[in-house]
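Take a look at the structure set out below.
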Amino acid sequence: MVTSDLTKQPLKASVTENLLVLWSQPWMESTTTAIKLQQIWLETLNDATRHELDFFATVAVSCNKLTSCMLGLEGLLTPSSMLSCYHEITSDMTEATLKRVHKVSKLSDDLRERIWCEI
């Protein structure tokens with residue numbers, strides 16, 4: 001069987017393919033970094049949203065307690081029962097607000113830490 005010399009020579013990439021490779025590798029690396037940074041930002045946004053939903057859940061429970069107290073579903077309506085109900089709701093809301101502020105203040109530190117870990 002006769003083989004030609006052309007089949008034995010390795011194929012050479014054209015100049016444009018080499019330029020494409022030289023351009024695409026750094027572009028892909030920068031794109032990957034941008035995607036990772038966007039993922040970090042979205043995770044932080046997700047955490048903030050989750051903290052807000054926790055707070056709204058506490059607000060909903062407190063509103064339910066307040067409605068029950070005002071309608072007398074918790075027992076006889078007296079000034080002392082209303083006062084204890086208000087104090088309970090106020091302490092729940094104060095605790096939820098402080099927890100919310102604490103979690104939100106940690107978000108910027110967490111975001112910075114995530115970015116530095118990525119870099």
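The values are calculated or read from the model by the stated rules, or taken from the named source; none is laboratory data. None of the values given here were measured: they were computed from a predicted structure. Here the Cβ is made from the backbone with ideal geometry for all residues, glycine too, and neighbour counts use every protein chain on show. Just the protein is used for accessible areas: all its heavy atoms, side chains included, with ligands, DNA and RNA removed. Shrake-Rupley method; radii C 1.70, N 1.55, O 1.52, S 1.80 Å.
Numbers below:
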item: Cα-projected label distance for Asn64 with Thr32, points at 7 Å along beta-carbon direction, nm; result: 4.8
item: Under 14 Å, Cβ to Cβ, from Lys65 - net charge with Lys/Arg +1 and Asp/Glu -1; result: -4
item: With every protein chain in place, the range 65-119: carbon and sulfur % of accessible area (1.4 Å); result: 64
item: Net lengthening on full extension, Ala57/Ser105 (0.36 nm per residue, minus Cα-Cα); result: 15.3 nm
